[in-house]
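The next block holds one structure in the form of structure tokens; read it before the comments.
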Amino acid sequence: MKIKNYLIPFCIILLLIILPIKVLAEDNLIDPIMYGDKQFVILKSTTSYQEALEFAKKAAKELGLKLDLRDLFQNKDIGLSYSKSELEEGGFPFYVPRGRWDDGSYVSIEYSSAFKGFRKGLYMVVGTSGGVKSKPVMEALKQARKYYPDAYAKVAPVYFGCMH
């Protein structure tokens, strides 16, 4: 049986596309189905939750944004967690980083260890999250830099899969 001339190049191209994705997914570097990139405008990072909280309150007022701590509290084991009363069946402590379903311009405190590619162990004051280089994120960064010249935008993969 003779293989068609186009079949071999097609198979090679297919392998060149699929193999890197499979290798990266196995190494937990990416999961093309469960993750999506989001961009975060970070106003401040600190190892102190209290410092982050005070800064977040001040930043919300200065930027005219809502302060939304998302019912999260400092937790010595994982950085931030929902309260036990927020969780239906055990699972305490539990933290879902911003970006899954809650994009927009509001000030929150997030824990850097929960994001891939971020320095671990920091409480981050985030002013906006959204699509990578989206107009709302870029405008929010420009506005934030008027008050906080060190503010920056960083892209991170956000997990969109099941959490049971």
Q: Please work out which one of (1) surrounded by fewer than 16 Cβ atoms within 10 Å (Cβ to Cβ); (2) under 14 Å from the mean Cα position of the chain (by Cα) is the condition K142 fails and give its number.
A: (2)
Q: Take the residues in the range 145-164 that are closer than 21 Å to Q50 by Cβ and surrounded by 14 or more Cβ atoms within 10 Å (Cβ to Cβ), then tell me which one is nearest to the chain's Cα centre (by Cα).
A: A151
Q) For A56, which of the numbered conditions (1) modelled with pLDDT under 95; (2) under 15 Å from M124 (Cβ atoms) fails to hold? A) (1)
Q) Is the range 128-139 home to any residue that is under 20 Å from K61 (Cβ atoms), surrounded by fewer than 21 Cβ atoms within 10 Å (Cβ to Cβ) and polar (S, T, N, Q)? A) no
Q | Elements of type strands (runs of 3 or more DSSP E) in the range 72-164, at least 2 residues being at pLDDT 95 or above and out of contact with any Phe, Trp or Tyr (no Cβ under 6 Å at 6 or more places or on another chain) | A | 104-111, 123-130, 152-159
Q: List every residue pair whose Cβ atoms lie under 6 Å apart, where the two residues are 6 or more positions apart in sequence or sit on different chains, the first residue falls within the range 51-63 and is closer than 20 Å to K142 by Cβ, and the second residue, located anywhere, is of a type outside the set (G, A, S) and in a helix (DSSP H, G or I).
A: E62/Y147
Q | Residues that are closer than 20 Å to S134 by Cβ and among the hydroxyl-bearing types (S, T, Y), drawn from the range 30-72 | A | Y35
Q) Among D68, D103, which is surrounded by 14 or more Cβ atoms within 10 Å (Cβ to Cβ), free of Cβ contacts under 8 Å to residues at least 60 places away in the same chain and either over 20 Å from the mean Cα position of the chain (by Cα) or under 24 Å from D150 (Cα atoms) (or both)? A) D68
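The values are calculated or read from the model by the stated rules, or taken from the named source; none is laboratory data. Keep in mind that this is a model prediction, so the values were computed, not measured. Using ideal geometry, Cβ is built from the backbone for each residue, glycine included, and neighbour counts are taken over all protein chains shown.
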